[in-house]
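The values are calculated or read from the model by the stated rules, or taken from the named source; none is laboratory data. What you are looking at is a predicted structure, and each value in this text was computed from that prediction instead of being measured. All Cβ positions, even for glycine, are placed from backbone atoms using ideal geometry, and neighbour counts span all protein chains on display.
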Amino acid sequence: MLRPIELLFLIASLAIPEALSAQPKPSGWPLGARIPAISGQVVDAITDKPVANVDVTLRATAVTGSFFGSGKTSLRYENNRTLAEGRFSFPTSLEPEAANPLTAIKGCWLTINRTFWSIESMKTDHPYDEITSDTTADDLSWDITGDPLFNRKVTRDFAYHMAGPRVNNKAYFPMAVQFSHPCQQLWNANCIYFDHTQNLRVPLIPVLANPEACATISDEAIAEQCRQLNTYRAAFRQVETIAQVRADKELCRKVDQGPGTKMCLESLAAYIQSPDRFENRLPLQMETEIDPIEKVLILRPIAGMLVNRTTLSSLNPFRETACYSACYRTAAEPLAETSCVSVWWVPPEEVSRYASTVGPALTEGAKRVEVVEGNRIIMRDLANAYIAVWPSGTKVVEVTFYRATSHAGLGERRARAAEASPEMRRELLRQYLLKYPSSE
């Protein structure tokens, strides 16, 4: 026999569905508690033919609020595979969790052609985590921006949302379908909004060799999304040479001159710098396209100074930068360097900025302009050194002379022997100015 409190709980629980179905549905569905049935067909955006055997995943989330704060809860995470005719369907549902006045259905959306991972498979790797979905985010643009070629290596880490190839059919881009609100992705190129849920016709945008082929799509909005997606992808196809990287950056700038362009440039830089994270990716052989150290620097003795060491650093294929350095010592003091020369290889549009900012020492000390051998150079006097800087074509030259006070621990006599004489300084500057005349 039920106790009074148990009887009250049973009556209340049985009444929930009727109460939910009777409540008025606010405009801007689905902010209420009911998720209606969803059905449709996935088709090729160009040929209009059905696309079979791709995952269509329903995702619904609720935002809960309380005195202690708010959070996001997954209400539905269910999957269909499109049939031969490209069709899919999901039944309606009432969500008691979303009936509380402090709770609302935040999002109701589909992902299409995005690989589905079941809760069971994810809990195999993370048995102690409370997993209700592979992600609660409703921004699918990240699946494309970081991996437009769909060749990222799989990492079974739930914290990173199962990074790896996330498409069933690599001939198409994944698509997000929004119902609860218009597309609010950072970049909306692979998102479409419907104000109804039945008999949808969802276009999947194909991967094309030439983005201009998107012009054959009659729907102008989908055609533009197609152009943006395929232009973005084209920027990642060839990254083997500096010339290709320059062309890739130009493609990025043509995506949309907005968030898509910004994300393209940022992701392209990461893609170039991290070839080990992707399948079949070879590092860009930047060293084969830049000059060898012996061609850039002067390695022979200059006014009695000998080369002590050389380095090639700051290699950045995306930014097209590299720094060649040679440090010199006097014959009298082999244990202390008297001067160092750095030649920066930078893009033409960045030469002026590098000439004014390269090297932390250039933000301090007295600045003056000198004319040496008919060349205008910038000089800075520091406590332990003085520096000469000038631009020369696509390079910026920085020459540092160390004062005797910078060679602490050598003793006064040896420190003086390590310091370059005025004649040595003039000759070192003269030799590098002959090789790299000032552009100013």
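Is it the case that residue 356 is part of a helix (DSSP H, G or I), closer than 24 Å to residue 437 by Cα, in the same structural domain as residue 383 (by TED's automatic domain parsing) and modelled with pLDDT under 85? Against the criterion (part of a helix (DSSP H, G or I), closer than 24 Å to residue 437 by Cα, in the same structural domain as residue 383 (by TED's automatic domain parsing) and modelled with pLDDT under 85), residue 356 qualifies.
Contact map, the range 203-224: residues that are outside any strand (DSSP E or B) paired with residues that are of a type in the set (Phe, Trp, Tyr), Cβ distance under 6 Å, separation 6+ or inter-chain. Pairs shown: 205/173. The single condition from (1) more than 20 Å from residue 46 (Cβ to Cβ); (2) modelled with pLDDT of 95 or more that residue 271 fails is (2).
Of all the listed residues (320, 294), the sole one being among the acidic types (Asp, Glu), farther than 18 Å from residue 385 by Cβ, at pLDDT 85 or above and within 39 Å of the chain's Cα centre (by Cα) is 294. For the range 412-425, indicate whether the set of residues that are assigned to a loop (DSSP other than H, G, I, E, B) and small (Gly, Ala, Ser) is non-empty. Yes, the range 412-425 has at least one match.
Need at least 1 residues that are among the aromatic types (Phe, Trp, Tyr) and in contact (Cβ under 8 Å) with a residue 24 or more places away in the chain per element, so show me which helices (runs of 4 or more DSSP H) inside the range 237-329 make the cut, counting only ones lying wholly within it.
Details: elements: 242-253, 259-273, 293-296.
Output list reads 259-273.
Do we have residue 131 as among the hydrophobic types (A, V, I, L, M, F, W, C), modelled with pLDDT under 90 and farther than 24 Å from residue 269 by Cβ here? It is true that residue 131 is among the hydrophobic types (A, V, I, L, M, F, W, C), modelled with pLDDT under 90 and farther than 24 Å from residue 269 by Cβ. Checked against (1) over 17 Å from residue 321 (Cβ atoms); (2) assigned by TED's automatic domain parsing to the domain that holds residue 333; (3) crowded, with 20+ Cβ neighbours inside 10 Å, residue 236 passes all but a single condition, namely (2).
Applying the condition of being touching a Phe, Trp or Tyr at 6+ places or on another chain (Cβ under 8 Å) and part of a loop (DSSP other than H, G, I, E, B) to the range 383-411 and asking which residue is surrounded by the most Cβ atoms within 10 Å (Cβ to Cβ) yields 403.
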